[in-house]
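Just below is one structure, and these are the notes that go with it.
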Amino acid sequence: MKKLYLLDGHALIYRAHFAFIGRPLINSKGWNVSAVQGFIRTLWDLIQTEKPTHLAVAFDLPGGTFRHERFEEYKANREAQPEDITFGIPWVERIIRAMNIPVVSVPRYEADDVIGTLAKQAARMGYEVYMVTPDKDFGQLVEETIFLYRPGRQGNEVEKWGIKEVCERWGIRRVEQVVDMLALMGDAVDNIPGLPGIGEKTAAKLLETFDTVENLLANANQLKGKQQEIVQQHADKAILSKWLATI
């Protein structure tokens with residue numbers, strides 16, 4: 001069995017940094033190495049425990065992406081990157097390259113898109129693929145031989161999400177509906193607008209009835225009162241949000 005593990009570099013570095021935010025790891029030079037130490041520990045544990053046959057780490061590159069070209073406000077509300085993370089990223093990359101692990105990045109695309117593309121390509125070539133990230137939005141990519149691998153944190157066990165786990169987490173019937181969920185409820189972290197006043201539970205109920213955002217918009221006249229008004233008046237936001245959320 002060929003087992004490919006694709007690591008979401010920035011997401012895992014952020015996770016490592018904030019895991020130690022209360023008691024940062026400071027080395028003899030006075031540097032905060034929480035992000036570096038935490039990331040490498042996760043990587044090393046994965047290598048020892050899962051014994052992958054293939055590995056790669058994807059990073060976001062500086063500058064905008066094709067999503068920003070269509071929607072300038074994409075991710076606009078994110079706070080500035082902490083200095084300790086900015087300091088740590090080049091060190092993480094140096095260690096990864098020293099371990100002879102490929103670093104994969106593509107201009108104008110996010111690490112999510114790179115991981116998603118490689119995951120689908122590898123699955124067609126007979127690999128069992130694990131997308132290593134705390135980001136549950138990757139659930140949209142899961143299939144029979146592609147899994148979401150969420151590293152443990154604060155004593156919790158590693159979570160491996162297949163089709164069943166993704167559908168149960170979101171309250172949906174198909175993994176493809178993850179993007180429809182995000183289109184309706186939005187995503188404050190990425191500044192994906194969604195529909196005003198539509199939360200996760202309401203989004204799941206709407207998809208249970210209408211299956212997709214497009215079908216919901218086409219049948220908005222079946223809705224009642226304020227909900228019908230929201231869907232009809234903000235249809236363009238739902239379409240844009242689905243496009244933004246699609247990896």
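The values are calculated or read from the model by the stated rules, or taken from the named source; none is laboratory data. Because the structure is predicted, anything quoted here is derived from the model rather than measured. Neighbour counts run over all protein chains shown; Cβ positions are idealised from the backbone, glycine included. What goes into the accessible areas is simple: the full protein's heavy atoms, side chains included, and nothing from ligands, DNA or RNA. Shrake-Rupley method; radii C 1.70, N 1.55, O 1.52, S 1.80 Å.
Computed quantities for the displayed model
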{"quantity": "Close pairs (8 angstrom Cβ cut-off, 6 or more residues apart or separate chains): outside any loop (DSSP other than H, G, I, E, B) in region 26-44, hydroxyl-bearing (Ser, Thr, Tyr) and surrounded by fewer than 22 Cβ atoms within 10 Å (Cβ to Cβ) anywhere", "calculated": "ALA35/TYR14"}
{"quantity": "Among the residues listed as ILE247, ILE239, the single one being within 19 Å of the chain's Cα centre (by Cα) and either open to solvent by 10 Å² or more (accessible area, probe 1.4 Å) or without any contact (Cβ under 8 Å) to a residue 60 or more places away in the chain (or both)", "calculated": "ILE247"}
{"quantity": "All positions within region 126-146 that are surrounded by fewer than 23 Cβ atoms within 10 Å (Cβ to Cβ) and of a type outside the set (Ser, Thr, Tyr)", "calculated": "GLY126, GLU128, PRO134, ASP135, LYS136, ASP137, GLU143, GLU144"}
{"quantity": "Yes/no for ALA76 being within 27 Å of GLN140 (Cα to Cα) and open to solvent by less than 60 Å² (accessible area, probe 1.4 Å)", "calculated": "no"}
{"quantity": "The lone exception for MET99 - which of (1) closer than 17 Å to VAL114 by Cα; (2) modelled with pLDDT of 95 or more it fails", "calculated": "(1)"}
{"quantity": "Hits in region 36-64 (condition: open to solvent by 70 Å² or more (accessible area, probe 1.4 Å) and under 17 Å from ASN100 (Cβ atoms))", "calculated": "TRP44, GLN48, LYS51, THR53, HIS54"}
{"quantity": "Filtered residues of region 85-119 (kept if open to solvent by 60 Å² or more (accessible area, probe 1.4 Å) and touching a strand residue (DSSP E or B) at 6+ places or on another chain (Cβ under 8 Å))", "calculated": "PHE87, ARG97, PRO102"}
{"quantity": "Residues (of a type outside the set (A, V, I, L, M), part of a helix (DSSP H, G or I) and open to solvent by 30 Å² or more (accessible area, probe 1.4 Å)) located in region 182-213", "calculated": "GLU200, LYS201, THR202, LYS205, GLU208, THR209"}
